[in-house]
Amino acid sequence: MPGIYIVAGLGNPGREYEKTRHNMGFRVIDRLADQTGISVKRLKHRALIGEGRIGGQRVLLVKPQVYMNNSGQSLGEIVRYYGVEPDHVIVIYDDMDLPTGSIRIRKKGGPGTHNGMKSVVAHLQGTDFPRIRIGIGHVGSDGWKDFVLDEVSKSDEALLGDAIDRAADAICSILEEGIDRAMNQWNTKPAEKTKEE
């Protein structure tokens, strides 16, 4: 299936995880699905997938359903099944090393400390694929597991909701104009918190 892009958001399946920091990837896919009318409900290769067009490109939206730390098992199957080249695979995920609400687009790179990305890199057998990281802030070396699986606070939700919107727009930019222009436009700091005194 030449020319198809795979846009995969990382997260954990199940309602109990929907509003956690670790599910930023899923939330971006949901936002894209809402914006484009692509239904991401078909279960295939241990993922929920939906196919459509964004910016004139044929796109497969993907939400692996194997839990975060095994995300690469599902995504690797899909990439091999469709015969997609690495530069046509875009992965979205949360990142504790970025300020809350910021987004960063990169053409390639290592997984850092993110276990879901470690799985993706292992199963794609390389790091030469684009990714969008959404900053969720950091709590230090202790307590990070609880932090990423906690529900987002109201103040952080405003920032993260904005980041999700920008990440969805950034994906459209990548598909329409290429990753270099998207990086120049969307590699930004988080929006300022609004004062609600």
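The values are calculated or read from the model by the stated rules, or taken from the named source; none is laboratory data. Keep in mind the model is a prediction, meaning the values are calculated, not measured. Neighbour counts are summed over all protein chains in view; Cβ atoms, including those assigned to glycine, are modelled from backbone coordinates with ideal geometry.
Filtering region 79-113 down to residues that are free of Cβ contacts under 8 Å to residues at least 40 places away in the same chain and not charged (D, E, K, R), which residue is nearest to D180 (Cα to Cα)?
G109
Per-residue answers, yes or no, for (1) within 19 Å of S119 (Cβ to Cβ); (2) among the hydrophobic types (A, V, I, L, M, F, W, C); (3) modelled with pLDDT of 95 or more; (4) surrounded by fewer than 20 Cβ atoms within 10 Å (Cβ to Cβ):
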| site | (1), (2), (3), (4) |
| --- | --- |
| V62 | yes, yes, yes, no |
| Y67 | yes, no, no, yes |
| Q73 | yes, no, yes, yes |
| R80 | yes, no, yes, yes |
| V91 | yes, yes, yes, no |
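Report whether or not K44 is in contact (Cβ under 8 Å) with a residue 40 or more places away in the chain, touching a helix residue (DSSP H, G or I) at 6+ places or on another chain (Cβ under 9 Å) and either basic (K, R) or over 21 Å from A163 (Cβ atoms) (or both). Steps first, please.
Working: in contact (Cβ under 8 Å) with a residue 40 or more places away in the chain: no; touching a helix residue (DSSP H, G or I) at 6+ places or on another chain (Cβ under 9 Å): yes; either basic (K, R) or over 21 Å from A163 (Cβ atoms) (or both): yes.
No; evaluated as a whole, the condition is false for this residue.
Do the conditions hold for E192, that is, is it over 24 Å from K19 (Cβ atoms), surrounded by fewer than 17 Cβ atoms within 10 Å (Cβ to Cβ) and either in contact with a Ser or Thr (Cβ under 9 Å, 6 or more places away or on another chain) or at pLDDT below 95 (or both)?
no
What number of residues within region 3-32 are over 13 Å from I92 (Cβ atoms) and without any contact (Cβ under 8 Å) to a residue 40 or more places away in the chain?
Of region 3-32, the ones over 13 Å from I92 (Cβ atoms) are 3-4, 12-21.
Okay, now just the ones that are also without any contact (Cβ under 8 Å) to a residue 40 or more places away in the chain, so 14-16, 18.
The number of residues fulfilling the criteria is 4.
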